[in-house]
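Only one structure is covered here, and it is reproduced in the block below.
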Amino acid sequence: MTGLKLFLKRSRAVFVLGVLFLACSVHSFAGSSVRANLAAAHFQNPDSGYYLEIYYSIADAVFADIHAKNNLEQAEIVFNLVIKQNDAIWATKVWKVAKSAEDTTLAQSQKSVVDAMRYAVEQPGTYEIKLYTKAVEVANLLDSASVTVVVPEKQPTDIELSNVLFSSKIGREDGKSNPAFVRNGYEIVPNPAALFGESSPIVYYYFEAYNLSQKLTGDKYKLFCTIESISGNEVQGTGSAFRTKKLTGDMAIEMGTKIISKLPSGTYSFVYGIADVDEHILAQSKKDIFIYNPAIPQPQPTGLSIADVGDKSFLELYRMGNAELDVEFDKMVYLMDKPEKEFFAKLTIEKAKADYMQEIWVKAAATQGMAGSVYRFIYLKRIDEANVKFRSVFMDGWKSDRGRIYVLYGPPYEVQRFPNSPQTTPYEVWTYSNLKGQGGVLFVFSDKTGFKKYEQIHSTMIGELQDPDWQRQVAKGTQNDYINNPFEN
């Protein structure tokens, strides 16, 4: 544990989260996946530093699927948590969760195993958290989820906000409360998926604010909380954005609810913060939230009828102007060939562009076994993530070789990083547990120039660049310091 003290003993709880199964194509809860939902948040430690809290959930349906497909008396999943700071391992933890086949309600269960852990953090910085999951006694049934938390330097002269914790339930602590979920006298059951909807129409939230007396005067202030659309516009119908509160100290615990039962399905931003009594926002932050309400119709785009649009799940495309459509089409470069690009260049009418782009999204999604609008959301989200992860002075992150692979195939199961050494130039080896029916797929990227411009030099993926003798491209001498997969020990 690298000298860290685990402040909160791990415990398990289950809670109803039936809406998750309605969106399994996005979050991969069932079927042949053992991927967990993962979330994390930081809070100030009253003594010094911060707390880093990590939450995960995995659906009972995953265990039922293991039972059904492998005829096991007990479905077991091993979890391996790895936390890195500045590419160095900061903490690790391994545990196992088992469900018996004798539990006849498992297959129909709409519950999830939920867990929480808390670590003390003394050093600010970026913490990369990855949770590996593997089914015991089942070949190649493994996956991973990752999340990044930035722990800031304390700024005693400015109002500071913790991350927001989404919850399925908030209540006063009592004798039945699970200690893993208790903060400041309240039991807060986490919802790591940040997914709400027809079965979970109320968003419970919790965050903390610090250094209030540095910016607030008088004995009152206002809590600010709203939901914005993907375009940044405030969504109406979820309750008041401001709520007056009494200033009782330098630190405040903020919690409440938002009703999202009337919002159409989609990705939104949950925006929260602190304002003065005149509603001037003094500090704010935001986090993505996912809503699934299939019974709520999508809003009709201005100037087009529903008949004009066709597939309602692509309404967002038809709200875009020419410039916005062109920008998104450029990002679809990995999904099309030269004739498709040339055909699009000839289109001038917005609806014609949107129609053609929808066709490409649907065709690409079919190869992934997804709905077109779902794949579009995942693909564009990966674009944003790749820009953060792989941006360089040479190009946007998604346009790099590593960015292309990340956008097309998602986060790798494992990344092995090899820095510059007397034996090798810097290089990375990415491993995917399963891609298009291929197990153990590798991608190798080399920083040939030394300026962090990693280029793909080899892959075992059919159709990708292959060089079986790729080691010669990175070798100055010999290299044997491979990092083991955490499940191969």
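The values are calculated or read from the model by the stated rules, or taken from the named source; none is laboratory data. Please read these numbers as outputs of a predicted model, since none were measured by experiment. Don't worry about glycine lacking a Cβ; one is built from the backbone with ideal geometry, like all the others, and counts go over all protein chains shown.
Here are a few things to note about the model shown:
- Spans of strands (runs of 3 or more DSSP E) in the stretch 236-289 with at least 3 residues β-branched (Val, Ile, Thr): 252-259, 266-275
- Selected residue (only one of ALA75, ALA116, ALA135, ALA68 is more than 28 Å from GLY437 (Cα to Cα) and not assigned by TED's automatic domain parsing to the domain that holds SER199): ALA116
- Scanning the stretch 133-168 for residues that are of a type in the set (D, E, K, R), farther than 30 Å from GLY440 by Cα and in a loop (DSSP other than H, G, I, E, B) gives GLU153, LYS154, ASP158.
- Just one residue in the set PHE443, PHE394 is in a strand (DSSP E or B) and without any contact (Cβ under 8 Å) to a residue 60 or more places away in the chain; that residue is PHE443.
- Only a single item in (1) within 30 Å of ILE260 (Cβ to Cβ); (2) touching a Ser or Thr at 6+ places or on another chain (Cβ under 7 Å) is not met by ILE77, and it is number (1).
- Failed condition for PHE451, given (1) modelled with pLDDT of 85 or more; (2) out of contact with any helix residue (DSSP H, G or I) (no Cβ under 9 Å at 6 or more places or on another chain); (3) more than 30 Å from LEU81 (Cβ to Cβ): (1)
- Count of residues meeting criterion [surrounded by 17 or more Cβ atoms within 10 Å (Cβ to Cβ) and not in a helix (DSSP H, G or I)] in the stretch 337-365: 1
Residue-wise test of (1) surrounded by fewer than 21 Cβ atoms within 10 Å (Cβ to Cβ); (2) closer than 22 Å to ASN37 by Cα; (3) of a type in the set (Gly, Ala, Ser).
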| residue | (1), (2), (3) |
| --- | --- |
| GLU198 | yes, yes, no |
| LEU223 | yes, no, no |
| ARG243 | yes, no, no |
| ALA252 | yes, no, yes |
| ILE260 | no, yes, no |
| ILE274 | no, no, no |
| ALA295 | yes, no, yes |
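So that you can scan it fast, the table gives a plain yes or no per residue for (1) among the charged types (D, E, K, R); (2) surrounded by fewer than 16 Cβ atoms within 10 Å (Cβ to Cβ); (3) touching a residue at least 40 places away in the same chain (Cβ under 8 Å):
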position	(1), (2), (3)
SER112	no, no, yes
ALA116	no, no, yes
ALA120	no, yes, yes
GLY125	no, yes, yes
LEU131	no, no, yes
GLU137	yes, yes, yes
LEU141	no, no, yes
SER144	no, no, yes
GLN155	no, yes, yes
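- Of residues in the stretch 163-183 being among the hydroxyl-bearing types (Ser, Thr, Tyr) and closer than 23 Å to ILE291 by Cβ, the one surrounded by the most Cβ atoms within 10 Å (Cβ to Cβ): SER167
- Pick from the stretch 31-45, criterion touching a residue at least 60 places away in the same chain (Cβ under 8 Å) and assigned to a loop (DSSP other than H, G, I, E, B), ranking: farthest from the chain's Cα centre (by Cα): ASN45
- The stretch 418-448, residues that are of a type in the set (Ser, Thr, Tyr) and within 23 Å of ALA365 (Cα to Cα): THR431, TYR432, SER433
- The stretch 414-440: number of residues that are assigned to a strand (DSSP E or B) and either under 23 Å from ASN387 (Cβ atoms) or not hydrophobic (A, V, I, L, M, F, W, C) (or both): 17
- Residue match in the stretch 383-399 (condition: at pLDDT 85 or above, more than 30 Å from GLU128 (Cβ to Cβ) and small (Gly, Ala, Ser)): no
- Among the candidates GLN214, GLN236, residue that is free of Cβ contacts under 8 Å to residues at least 40 places away in the same chain and surrounded by fewer than 16 Cβ atoms within 10 Å (Cβ to Cβ): GLN236
Here is a yes/no grid of residues against (1) in contact with a helix residue (DSSP H, G or I) (Cβ under 9 Å, 6 or more places away or on another chain); (2) not β-branched (Val, Ile, Thr):
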{"site": "PRO192", "(1), (2)": "no, yes"}
{"site": "SER200", "(1), (2)": "yes, yes"}
{"site": "GLU208", "(1), (2)": "no, yes"}
{"site": "SER213", "(1), (2)": "no, yes"}
{"site": "TYR221", "(1), (2)": "yes, yes"}
{"site": "PHE224", "(1), (2)": "no, yes"}
{"site": "ILE227", "(1), (2)": "no, no"}
{"site": "GLN236", "(1), (2)": "no, yes"}
